[in-house]
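Let me begin by presenting the structure, written as structure tokens, before commenting on it.
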Amino acid sequence: MTLLTFRFAPSPNGELHLGHAYSALLNQRMAAQVGGRLLLRIEDIDITRCTPQFEAGIYRDLEWLGLRWEEPVRRQSEHFAEYQAVLDRLVAEELVYPAFMSRGEIRAFIAERGGRDWPRDPDGVPLYPPLDKALPARERKRRIAENMPFAWRLDVEAARMRVTDDLSWTEFTDETM
């Protein structure tokens, strides 16, 4: 039997708020109900906004709420080398592509080409425009060489072609809280 794992993953870039507290308590309760475990993962990769003071505040607040979690706490900033290795593999397997559009450019593009009618994901978020994915490899390399800012985006179609097993997940909610 698989041990179910639940996690709470706050970013130490501000005070813990009511939504955080609810999420942490909900995950602890669901883990207890199924004999699972609760992990705490500190999302501290935004080095410009995350501070030790906010992180200390998270621990104080969670302890005040009576939360207990498995040790050690996972700090995202301690795993950059692992993330880089996985990203390098995804790049080599051509499962990601560089996306050069800023958030403002994305919003403007969508507004000009459909606005509310633009295709959306199941949560209602507009799908990313296909422009960067369609760029020839030579153009991508040129932009990267010129230090244009970009983010790596998963090529979902390419990734789905490589998956041989069915993907599934279970979303839990607790209506009694």
Taking into account only those residues within the range 38-47 that are out of contact with any helix residue (DSSP H, G or I) (no Cβ under 6 Å at 6 or more places or on another chain) and farther than 15 Å from Gly57 by Cα, which is surrounded by the most Cβ atoms within 10 Å (Cβ to Cβ)?
Leu39
For the range 40-49, does any single residue satisfy the condition of being more than 21 Å from the chain's Cα centre (by Cα) and charged (D, E, K, R)?
no
Count, please, the residues in the range 120-166 that happen to be in a helix (DSSP H, G or I) and touching a residue at least 60 places away in the same chain (Cβ under 8 Å).
3
Log entry, pairs with first residue in the range 80-102 being within 15 Å of Leu154 (Cβ to Cβ), second being among the β-branched types (Val, Ile, Thr) and not in a helix (DSSP H, G or I), beta carbons closer than 7 Å, six or more apart or on different chains, reads Leu90/Val96
Counting only residues that are in contact with a strand residue (DSSP E or B) (Cβ under 6 Å, 6 or more places away or on another chain) and either among the basic types (Lys, Arg) or touching a residue at least 40 places away in the same chain (Cβ under 8 Å) (or both), the range 31-54 contains a total of 2
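Only the coordinates and a few stated rules stand behind these numbers; no lab work does. Computed from a prediction, not measured in an experiment: that's the story for all the values here. Using ideal geometry, Cβ is built from the backbone for each residue, glycine included, and neighbour counts are taken over all protein chains shown.
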